[in-house]
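The values are calculated or read from the model by the stated rules, or taken from the named source; none is laboratory data. Predicted model, so just to flag it, every value in this text is computed and none were measured. Reconstructed Cβ throughout: ideal geometry from the backbone, glycine too, with neighbour counts over all protein chains shown. These area figures cover heavy atoms from the full protein model, side chains too; ligands, DNA and RNA do not enter into them. Shrake-Rupley method; radii C 1.70, N 1.55, O 1.52, S 1.80 Å.
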Amino acid sequence: MSEKIRLNEEEVGELERTIKLNAFLDVNLEGGSVEAFGTNDLLPATDYEKEKALSEERDVFLEKFSVADILEASLKDASFVIDKNGNIEITHNQQALEILAGYGYKGGAARSVLRKVLGLKDIPPRDFDVVRLGAEPYAGADNEVAKKFMAHDFEFGDGVEVVDNPNEYLETRDFTINEVYTNGDKIIATQQCIKDTVRNVIRTTAYERKLFSGNGDMGPKMKAKTLRLHAEQMYALGVSSIPEDDLNVIEGTFINPFWLAVQLDRAFERGTAVAENFTTLLYECKIVPEYVRTSTDLGDYLLTEVDGFRFRNAPHLQYKFEEDHKEDEAGLQQADLLEDYFDTVYHGSKY
């Protein structure tokens, strides 16, 4: 199988950040600083059936009632309004990590707050991504906030995302569960985000599909990321689902090994158990060779497919990289790594 590789600006940016990260780790070999999933994050086996039953009940509930009805029933210490664009604004009193006024959270941190407010089991955020609503409070405030709350990302060129148009921001996310951000004691989310959060659904947005392909295809990056998020939810919640249409597109297709390596590394950031779940999903979906059954198998396989990739959250794979590239990597500069990645991973010479 083969797949024509297309790059958008976000993917080029992520590639460049990964290369900078690899170059940095050549000098400072460290593991990730994000909190891994522990036993307290895993649902007890006795609760699996209960959670599945609750999930089925929620599905039935959603078919019969509006989002407003669902929020009326699920919000305990919070209130909500629906704005002119149909988006939900929830005012709550959940304790959150304090941040400078005018700033908020997106991504996993925003998802975590939303789940708490909806009375769902929380999934600790993998990292903290910050947005700014309105004008910068003072010169240099964005950099100060980024250094404090997202230091690792800031080190490699990522900073605060400015939200000039909230509605446009919500309409340009990759997954429906990411159509959310926080602003002080408020959560702003789309109705589809609320529905899919309650149902634990990992759904790629129409915007993301169109961004990759005019005919709505799901790109390799999103296929890999869908399976990784699904693996995380299965571990932390005991229940998760991918829309059948998306799953049909993912199963049996070729996914560029680079994106599999990126998502495996992020799975290891959560812990070996999540990486094992991710590997199992790839095997079941016939994405990887038959012999790839464990996360170590997967890491070894990907290291043979993606030149120069360094896993920063799987020590045994880091050491293997060092052994295999001890002499070759010593003289490589960042420009060499950049050229090597583009030539071997993205320009089709290898894939």
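Calculate, for segment 157-283, the solvent-accessible area per residue in square angstrom, rolling a 1.4 angstrom probe over the heavy atoms of the protein chains.
On the way: 4070 Å² over 127 residues.
Computed with neighbouring chains in place, this is 32 Å² per residue.
Taken over segment 145-255, the ratio of Cα radius of gyration to 2.2 N^0.38 Å equals 1.17. Taking θ as phi - 60° and the Karplus parameters 6.51, -1.76 and 1.60, the scalar couplings of segment 246-258 work out to 5, 4, 5, 6, 6, 4, x, 9, 7, 10, 3, x, 4 Hz in sequence order, x denoting glycine and proline.
So, counting K/R as plus one and D/E as minus one, what does the shell of residues with Cβ under 13 Å around residue 180 add up to? Before the final figure, lay out each step's value.
Numbers: positive: 106, 111, 115, 116, 173, 186, 195; negative: 89, 129, 171, 174, 179, 196.
Charge balance in the 13 Å sphere: +1.
Take the Cβ atoms of residue 66 and residue 139, set R0 to 41 Å, and the FRET efficiency comes out at 0.35. Loop-located GluC sites (Glu not before Pro) across segment 223-311 with a Cβ neighbour count of 15 or fewer within 10 Å are 251, 290, with loop assigned by DSSP.
Grab the beta carbon distance between residue 247 and residue 161, set R0 = 25 Å, and tell me the FRET efficiency rounded to 0.05. Calculated transfer efficiency: 0.25.
When the solvent-accessible area of segment 72-185 is split by element, carbon and sulfur atoms take up 46 percent of it, the probe being 1.4 Å. Charge tally around residue 115: other residues with Cβ under 9 Å, Lys/Arg +1 each, Asp/Glu -1 each, net +2.
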